[in-house]
Each structure stands twice: as structure tokens, then as C-alpha cells.
1. Let me confirm something: among V170, V177, which residue is closer than 28 Å to N227 by Cβ, outside the structural domain of D95 (by TED's automatic domain parsing), under 18 Å from the mean Cα position of the chain (by Cα) and at pLDDT 95 or above?
2. Considering only segment 245-277, state which residues are small (G, A, S) and over 19 Å from A67 (Cα atoms).
3. How about segment 192-236: which of its residues are in contact with a helix residue (DSSP H, G or I) (Cβ under 6 Å, 6 or more places away or on another chain) and aromatic (F, W, Y)?
4. In segment 181-193, is there at least one residue being among the small types (G, A, S) and surrounded by fewer than 21 Cβ atoms within 10 Å (Cβ to Cβ)?
5. Taking the options N196, N227, name whichever one is out of contact with any Phe, Trp or Tyr (no Cβ under 7 Å at 6 or more places or on another chain), surrounded by 15 or more Cβ atoms within 10 Å (Cβ to Cβ), without any contact (Cβ under 8 Å) to a residue 40 or more places away in the chain and not in a strand (DSSP E or B).
6. Tell me, please, whether a residue that is touching a His at 6+ places or on another chain (Cβ under 9 Å) and either part of a loop (DSSP other than H, G, I, E, B) or surrounded by 20 or more Cβ atoms within 10 Å (Cβ to Cβ) (or both) can be found in segment 250-263.
7. Restricting attention to segment 158-171, and to residues there that are within 18 Å of W192 (Cβ to Cβ) and of a type in the set (G, A, S), which single residue is surrounded by the fewest Cβ atoms within 10 Å (Cβ to Cβ)?
Amino acid sequence: MKRFSGLLALIATIVLFTSCDGGGGFLSASGTNNEMMVLMDDTAWESSPGRALFDVLNSNVKALPQAEPNFTIVQIAPENFTSTFKMARNIIIPDISNIYSYPKLTAEIDKYAVGQVVMNIHAPDSASFAKFVTENRESIVNYFVDKELERTGKWLKREVSAPLSRAQQVFGINIHVPKGLTNVTEHQNFYWATNNASRGRQDIVIYQFPYTTEKVFEKDSLISIRNKELGKYIKGSFDSEMTTATRVYSPDYRTMELDGIFRAELRGLWEMSTDMMGGPFVMHAFVNDNTGMVVVVEVYVYAPEMNKRNLMRNLEATLYTISLPKPKEAVIEG
């Protein structure tokens, strides 16, 4: 199957980091999801290096209808970095010293605990540190968010050990769906599951169509496809149908490779055409080489009365459980 060579300009954020497996701990990292510990003394934290780093970590999550910070930030002084704090899941350690000739980032995985990410930000002086983290804000945020999603995805695969059988049968993919999404609607090549909750509603949609051209993975094409497919099957009051809220927020688009699968990601806001409903969504689209079909998996939430960062990221981790079975293992309905 052709691998859409024209789109393989992957944004390789990870190459900015010198990552290694420290293997320093046997206990699992602790702390809540999306919590960030910064190891920095109070004086530096209140000056330009700390303020610059705070602004990066406190920046707004993309594609949410209300402003919410990317991380919950905990700052501690280096002398208080005891064994308990060393178990934190996400740690940033600024290192400002004239021994460095230029700023750089390094990252260590599982240094003190399993499932932990420790990022070191080196710089020769305070001014270059502040400038460097500001210029690289998107890479820093994306790196930690991706690691959070991978970590939650691994937890989900342990929590829900069996992949969704209908996804295997209809779409030929493995995916682990959170418990509680038990209200299911199906059409040909279309699967929709929701918890139908009155507070904090979560939904997942899977659909597919034949792969004919790599242009299908371009941003405008994906928007058009989701408007057509979801508008057809997801209806609301007053004859409304689901669509993409491009006037409010132009969806973010990127390409990536996860578990050997090239994916196009669309992240934005959805709304109902003639109803006052809406919220955030994330879509991953890829080719199933076993079937020659483009598979689209989308998650979205409706929670007007709640903060949505954690709710959305916990659901988005479902996308990080997707894998393709070997051809002999795939079970596709005829």
C-alpha cells in the first residue's frame, strides 16, 4: 500500500531531545494527570527564567472552548527534591550555567520511576534560557502531552485488556475503548459509542472508506469528510447535524507516526448546525494496509458545565491504543 509520500513531512518534535532509558526506578511514577513539577529555586522562579517557563507550561490547551492551562504546575526548590518528589510523573529541571555555550534540551525516561519523564533545560545564562523556552514552547508542551497520552493509553490497555471486538470485525483494527461507552449505534462502515452521560459526555466514532489518493489526508479534505460522515449520522434537536466549528477555531492539523502507522491528526471544535451544542474533538485518520481502507477514529466530549482538559485527554488516549493486527489475525466481516 502506498504510504502517501507527499505527506511524510513529519513534525519530528522528539528529535530535539536526547532521550534515554534511565531505568532508575521500579515503582510507578506518581501524581495526577497533566501535573508538572519544576525543580527551581524561588528566586529564579520569580525572575525571567521562571516566568518564561511558567508561561509556556501555563499556556492554553489547544482547541478547547474555554481557556484551560496545559499543565498544573508545582514548583519546588532543589534542596526539597527528596525521594518522594522524585516519583513525580513529569519533571523539568532547569540548568543555567556558564559551562554551556548554547541552550539545549535533554530528556530521560524512567529515571527515578517507571512511566516518568524528566526534561533538563540547559542554558548558559538567564536571558538565553528565557528566550529558548519561549521559542520552543510548542515542542516542550507537545512532548509532555504526547507522553501523557502514551502513558494513559498504556493504562487503558491494562484496564480494558481486550480490544473492541466490533472494531476488529468491521474495521480490522485493535483499539481499547474506555469502560462506560455502552450506548452504541451502528451503520454500514460506521460505529458510534457514547456514555450518554448527563454530565461529562464522552463519545467515540469510527468509520472507513476506500483509499484512493493521499490528498484525502490533507486538512481541508479531512474537515470535509468529517462534516459529511458525522453530519449524516449524528443528529440533534431542530434538525441539527454535527459539523466542524471553523469560524470559531480553525482546526489544528499535524501528521505523525504511532506504532508504525502514519496518521493525520485533526484537532478542533465541533458544533450542531442549528443547536446550541458543541465541544472539542480529536480525529486520527490512517490507512489500514490489511484492507486498503482509510480508517478514521474520532473522540469528542460534551461537557458545558465542566473543565475539559483532563476529560478530553483521558478520552484522546484511546487513539494511542490503536494498532493493526497481522493480516492472518485480522477478522473482517464480509
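1. Within the list V170, V177, the selection yields V177.
2. The answer is G260, A264, S273.
3. Y207, F217
4. The answer is no; no qualifying residue exists.
5. Matching residue, one of N196, N227: N227.
6. Within segment 250-263, one or more residues are touching a His at 6+ places or on another chain (Cβ under 9 Å) and either part of a loop (DSSP other than H, G, I, E, B) or surrounded by 20 or more Cβ atoms within 10 Å (Cβ to Cβ) (or both).
7. Restricting to residues being within 18 Å of W192 (Cβ to Cβ) and of a type in the set (G, A, S), the top hit is S165.
Yes/no matrix, rows are residues, columns are (1) assigned by TED's automatic domain parsing to the domain that holds M306; (2) under 30 Å from Y300 (Cα atoms); (3) buried (at least 18 other Cβ atoms within 10 Å of the Cβ):
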{"residue": "S48", "(1), (2), (3)": "no, no, no"}
{"residue": "L57", "(1), (2), (3)": "no, yes, yes"}
{"residue": "P78", "(1), (2), (3)": "no, no, no"}
{"residue": "R89", "(1), (2), (3)": "no, yes, yes"}
{"residue": "P94", "(1), (2), (3)": "no, no, yes"}
{"residue": "S97", "(1), (2), (3)": "no, no, no"}
{"residue": "P124", "(1), (2), (3)": "no, no, no"}
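The values are calculated or read from the model by the stated rules, or taken from the named source; none is laboratory data. If you're wondering where the values come from, they're calculated on a predicted model, not measured in any experiment. So basically every Cβ, Gly included, is an ideal-geometry build from the backbone, and we count neighbours across all protein chains shown.
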